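Trainee: What follows is a structure written as structure tokens; I'll ask about it next.
The values are calculated or read from the model by the stated rules, or taken from the named source; none is laboratory data. Computed from a predicted structure; not experimentally measured. Ideal geometry is used to build each Cβ from the backbone, glycine not excepted, and the neighbour counts take in all protein chains shown. Ligands, DNA and RNA are stripped out before the accessible areas are found, and what is left, the full protein with its side chains, is counted by its heavy atoms. Shrake-Rupley method; radii C 1.70, N 1.55, O 1.52, S 1.80 Å.
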Amino acid sequence: MNSNYLLSYGSEDHGDRKVYIVYMGALPRGMYSPSSHHHSLLQEVVEDRPSFSDSARGSRKSEVVSVFPSTNLELQTTRSWDFLGLQQPTGITAGNSTAGSDIIVGMIDSGVWPELPSFNDHGLGPAPAKWKGACKGGANFTCNKKLIGARYYSSSAASARDADGHGTHTASTAAGSVVPNASFYGLASGVARGGLPSARIAAYSVCDPSGCSSEQILAAFDDAIADGVDVISISIGASSAQDIDTDVIAIGGFHAAKQGVLTVHSAGNSGPDPGTLASVAPWLLSVAASTIDRKFRTRVVLGNGKKLVGNSVNPFRLEGKDLQLVYGGTATSSCEESEARACSSGCLEQSKVKGKIVVCDYKYGQDEALKVGAKAVVFPDIIPDVAFLSVLPAAPLDPTSFDSLVSYARSGGKPVVKMLVGETVRDSGAPAVASFSSRGPNTIIPDILKPDVSAPGVDILAGWSPEASLTDGDKRRNGFNVISGTSMACPHVTGVAAYVKSRHPDWSPSAVKSAIITTATAMRPNNGSNDLAYAAAEFAYGSGQVDPIKATNPGLVYEATPADYVRVLCSLGYDTKRLRAVTGDKSTCPAKLNGSATTSLKDFNYPSIAAAVDTKKPFKLAFTRTVTNVGGKSTYRARVVQVTKKGNAATAAAAMKIGVTPEVLSFGAAGEKKSFKVSVAGGGIDEQGFASASLVWTDGVHSVRSPIVIYTSIAAY
């Protein structure tokens, strides 16, 4: 094991037991027994009440790096991989020895359901020699040559078996085996697979019904690193950004990076408001969610011949029958009309609703409609880019269509409708960032652009635990499910990282990350009418949508080391205590760096370029970057691409002057490094505004693209 966490129970008062994490940094070299050392320290601090926290900090001060309370965090593909351009490898079932079977993907999540076809090991040989882990999945949990390891951490769980479905979905998306004839009750049928079907999976179950506790997450990071995984995927996070020294995923990810392991992390589901992104550390690969070119639709045909289209995953068949339509507001004698229109609990009379299609003003009215025997439900669509999954036939409608339906329902007589079985249609507007996907800017490190990239995270079909409900209150059970979230986007990028790592096993985490960021496909801002908002453009999608094929051959990469990450923390003003709370070693901030008294984030070798500036004030900024050649002999030329925008954002971008020195970089062989400077100047940016462009290095074969984003600080809000 590479770091040392003492998980201890303390009590600030006798009525409230709390869990504290006593972080003791990197493990000492040589022979060492963590358990006996921990027990000794525990005995010492427990005898020194009343405050466990203060006692632990005071005890053996040289050994204890930090103490902080444990908290609970939240859990955050038949078409998606083809949409990304990664076709199914010929002849691969689960995998083979020449197609990435030496890559191990560590999934920190809610566990997996090991018997699913997504985790079959057909065609795979023994686990890679580097694997040092174990199958400790608990009772009746069996690993195989695909699912080579499992661990669980919750005292309330009996095994790593996934009772939630989330972990099974993410694991099968990242590296699931090839499964033909996958579908959701006939919808979205096709071949399900992960990004690298031949990769091995190690599952670390850290979640239970109460959430995903931080001490279990840290323990899982520790085990995954020691077990020998190549990439860690974690679709879990806080609801908002945290300081790095109290962010357990950032801390765990730092230690993973020190040991050569990249951590891929979901951005969060708190969008579209600005500054909602929770994945902020520069060593994490932070992933936003976007749409794919497939949508789920449910058609509703009114008795007057008018046809409406709902946004739902609806496998139910009503046999094309005309069913009577009733508006919730007219189906009650016990509630106020406003409550009845919403189909509030206890408001719908069974005699007026049973066997009919009921119209509700609120989507949660489906629960009441189901209870009183309605055949189907129609309601307004409040999240138009995400298909709704219900326990009964449902059709969420856009506002205009819903108003039309309500008018028809109240038109008198006995209005009837047909609700047809769901279908899938092509979405020519994809990819577009999901409305729920958390947005930048980065509220903790403003000069680091986050998210990094975007990936499919809307209406994703992947493996599902047969013990888990498909949606709230659903008694159906199925081995596949369709869900949305940055939790679904994250494992797509994990699969891409595994794919890149299989082609370049000697690349560092930062090289893999850089390759993914700089080869991403540029995306369009979502809202041209309000493109000054942070919710648009790079703060929504980072560099753009991942491109698995191009990521394996980026040409140039921006590399960073753990020492560089230490300098980032130093630039934030971290003192020695806070710094070591993250690094777990004896790191200190340099008194001088390159002749200057402080280190600037503008010289941190990140693949993108960003800076927050004062509102409406002229700015002149300079950034230094270094690229490493991972191709052959070549000459790259710099090109600045201004992003096409409307309104004030276009004016700001056009007024921004960008220079690159030198404009030509020549490389004689792989491994050579070249540095350059980027100057950015402008006359000022309006409040809540930004200007963006891209720096592209090209040699005629490769295009290495870095977003440039200058914006007014979120403090202006």
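Trainee: Using a 1.4 Å probe and counting only protein heavy atoms, arrange R637, R426, R161 so the residue with the most accessible area comes first.
Mentor: Numbers: R637 135, R426 180, R161 55 Å².
Putting R637, R426, R161 in descending order of accessible area: R426, R637, R161.
Trainee: Excluding ligands, DNA and RNA, what is the solvent-accessible area per residue of segment 670-717 at a probe of 1.4 Å, expressed in Å²? Before the final figure, lay out each step's value.
Mentor: Details: 1750 Å² over 48 residues.
About 37 Å² of surface per residue is accessible.
Trainee: How large a share of the accessible area of segment 242-286, in percent, is made up of carbon and sulfur atoms when the probe is 1.4 Å and the other protein chains stay in place?
Mentor: Details: 320 of 880 Å².
Its accessible area is 37 percent carbon and sulfur atoms.
Trainee: Still on this structure, I have one more. At a probe size of 1.4 Å, how large is the accessible area of S713, to the nearest 10 Å²?
Mentor: Its accessible surface works out to 40 Å², give or take rounding.
Trainee: Using θ = phi - 60° and the Karplus curve 6.51 cos²θ - 1.76 cosθ + 1.60, what whole-Hz ³J(HN,Hα) does each residue of segment 693-701 get, with Gly and Pro shown as x?
Mentor: In residue order, the calculated couplings are 7, 9, 9, 10, 9, 9, 10, x, 10 Hz.
Trainee: Separate question: Take K633, K356 and sort them by solvent-accessible surface of the protein heavy atoms, 1.4 Å probe, largest at the top.
Mentor: Values: K633 180, K356 45 Å².
My answer, sorted largest first, is K633, K356.
Trainee: OK, next. Straight-line reach only, C-alpha to C-alpha below 19 angstrom: list the lysines that K306 could link to, leaving out same-chain residues fewer than 8 apart.
Mentor: K321, K356, K414, K418
Trainee: Please find the FRET efficiency linking K475 to S407, where r is the Cβ-Cβ separation and R0 is fixed at 41 Å, and quote it to the nearest 0.05.
Mentor: Details: r = 35 Å, r/R0 = 0.85.
The computed FRET efficiency comes out at 0.75.
Trainee: Note down the nm distance, to one decimal, between modelled labels 7 Å out along Cα→Cβ at S189 and at E336.
Mentor: 5.0 nm
Trainee: Oh, and also: In the neighborhood of K550, defined by Cβ-to-Cβ distances under 13 Å, what is the net charge if each Lys or Arg adds +1 and each Asp or Glu adds -1? Please report the intermediate quantities before stating the final value.
Mentor: Numbers: positive: R503, R705; negative: D547.
Summing Lys/Arg as +1 and Asp/Glu as -1 gives +1.
Trainee: Note down the net charge around I448, summing +1 for each Lys or Arg and -1 for each Asp or Glu among other residues with Cβ under 15 Å from its Cβ.
Mentor: Working: positive: R439, K450, K513, R567, K602, R625; negative: D243, D247, D447, D452, E538, D564, D603.
Net of charged neighbours comes to -1.
Trainee: At a probe size of 1.4 Å, how large is the accessible area of T576, to the nearest 10 Å²?
Mentor: 60 Å²
Trainee: Excluding ligands, DNA and RNA, what is the solvent-accessible area per residue of segment 244-358 at a probe of 1.4 Å, expressed in Å²?
Mentor: On the way: 3880 Å² over 115 residues.
The answer is 34 Å² per residue.
Trainee: Still on this model: From the protein chains alone at 1.4 Å, what is the descending order of accessible area for R151, R439, R410, R567, largest first?
Mentor: My answer, sorted largest first, is R410, R567, R151, R439.
Trainee: I would also like to ask the following. Given the whole protein assembly as supplied and a 1.4 Å probe, what does the accessible area of S334 come to in Å², nearest 10?
Mentor: 80 Å²
Trainee: Same structure again: Determine which lysines satisfy two conditions relative to K586: a Cα distance under 21 Å, and not lying fewer than 8 residues away in the same chain.
Mentor: Answer for K586, where 21 Å is the Cα cut-off: K61, K258, K577, listed by chain and number.
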